[in-house]
Amino acid sequence: MTYTVSDEFGANACKHCAPLFIIKQCVGMALTVDDPSATLTFIKFQGRTYGITCKHVVTSLRDQIKKSGSEFSHTFFIALKRHHVVQDRFAIPPGDWVTPEPDIAIRELNPNFPAYVGKVALDIDANPVPPLPEVSFAVAVGFPDRLKTQSSAPLGYQLAMPCVHAVAENHSETGPSFTLFSELQATPNIRDLSGMSGGPIYWSNEAAYGLLGITYESSPPEGSISGSASVHIKGHVADRETIEEWVSHVPHLYAL
C-alpha cells in the first residue's frame, strides 16, 4: 500500500517530540547508552503548553526512586539543543466505569520550553482530528530506546539516537484506543520500537497532518503476532475532547 503524507508533515513530524531519559541525579549529569528512555510529545491546547508521555514511563521513574530510598535519586532528562531536567509533575488521567485508566501521563510545561530544547508544540486547536474510521493509515513517531549509539568526541563522547517513523494501517473504528498493523514485505533495518511510548501518532494526507493519538505499546517487527515481519502499534486516541479531559486533571503551573 502506498502512503501519501504532506510535505509539511515530512518536515515537522519529529519537531513535536523528544527523547525522555530516566537518569541518576548527580553533579554534571551526563547520559549513557544504558539510561532507559521513552518519548515526550509537546502540544499546545487552549493557550497552554503540555508534555505527554505514558503512565508506565512515569511509573518506571517512580519505581526507581522508591527502590533507591531517596526522593532525589533519579529524574527525567532531555538532552537536545540544550540539556534540561523535566520534573515529575505528571498527572495520570483517571478512567471511569466505561473507560479504563489510559496509559497516559501529562503535565503543563513553560510555553517557552519546547523552543528551548529545539522543539515545537503542536497546536491541537488548529489541527482537528478526523473521525477514526476515516483514517486508513497513521504514522507513529518516536525514539527507540535500543537504537542509541555512543561515540568518542574531543571533549568526551557523543550520544545519538534516530527519530523513527513507523507507518501502518488503522484497524480500529472506535476509541479510546486503536491499533495500527501492517505486514511488511521484508524485515526492516530497525527491528525494535521499544522507547516510542509517549510519542505522537499522526494522521496525514497530501495536504495536511495532525495528532491522532499517543503510542503506548509497540511490537518488534520480527516475531510479531503474525509470525512474519510487520508493524504493530497501539495508541490512545488524542482528539480534542479526550485531550480536554486529560488536561482537566493537570494543575496549572504557569500564568497565561
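For the set Lys15/Lys81; Lys119/Lys148; Lys24/Lys55; Lys44/Lys119, the pairs lying more than 18 angstrom apart at their alpha carbons are Lys119/Lys148; Lys24/Lys55. When the residues Tyr202, Tyr254 are ordered by accessible surface, computed with a 1.4 Å probe over the protein chains alone, the sequence from largest down reads Tyr254, Tyr202.
Taking the DSSP bridge list for the chain and keeping only pairs wholly inside it, about 95 percent are antiparallel. Residue ranking by accessible heavy-atom surface, 1.4 Å probe, largest first, among Leu147, Leu31 comes out as Leu147, Leu31. Scalar couplings 3J(HN,Hα) for the stretch 83-100, obtained by applying the Karplus form with A = 6.51, B = -1.76, C = 1.60 to θ = phi - 60°, are 9, 7, 6, 10, 5, 7, 10, 7, 9, 9, x, x, x, 9, 5, 9, 10, x Hz; x denotes Gly and Pro. Given +1 at the Cβ of Lys and Arg, -1 at the Cβ of Asp and Glu and no other charges, the dipole of the chain around its Cα centre is 1080 debye to the nearest 20. Annotation for the stretch 49-100 versus the stretch 197-212: alpha-carbon center distance of 24 Å. Among Glu108, Glu217, Glu71, the largest mean-square fluctuation in a Gaussian network model of the chain, built with springs joining Cα atoms closer than 10 Å, belongs to Glu71.
What part of the accessible area of the stretch 41-162, given as a whole %, is carbon or sulfur when the probe is 1.4 angstrom?
Its accessible area is 52 percent carbon and sulfur atoms.
Around the amide H of Gly195, modelled in the peptide plane, lie the amide H atoms of Asp145, all under 5 Å away and 5 or more residues distant in sequence or on another chain. Entry comment: accessible area of the chain is 50 Å² per residue, from protein heavy atoms only and a probe of 1.4 Å. In this structure the amide hydrogen of Leu122, modeled in the peptide plane, comes within under 5 Å of the amide hydrogens of Phe42, Ile43, Lys44, none closer than 5 places in sequence on its chain. Per-peptide packing, taken as the mean over residues of other Cβ atoms within 10 Å, places 236-244, 38-46, 89-97 in the sequence 38-46, 236-244, 89-97 from highest down. Solvent exposure of Met29, expressed as accessible area, is near 50 Å², computed with a probe of 1.4 Å over the protein chains only.
The values are calculated or read from the model by the stated rules, or taken from the named source; none is laboratory data. Only a predicted model underlies this, so the values are computations on that prediction, with no experimental measurement involved. Please note: Cβ atoms are built from the backbone with ideal geometry, for glycine as well, and neighbour counts cover all protein chains shown. These accessible areas exclude ligands, DNA and RNA; they are computed on the full protein's heavy atoms, side chains included. Shrake-Rupley method; radii C 1.70, N 1.55, O 1.52, S 1.80 Å.
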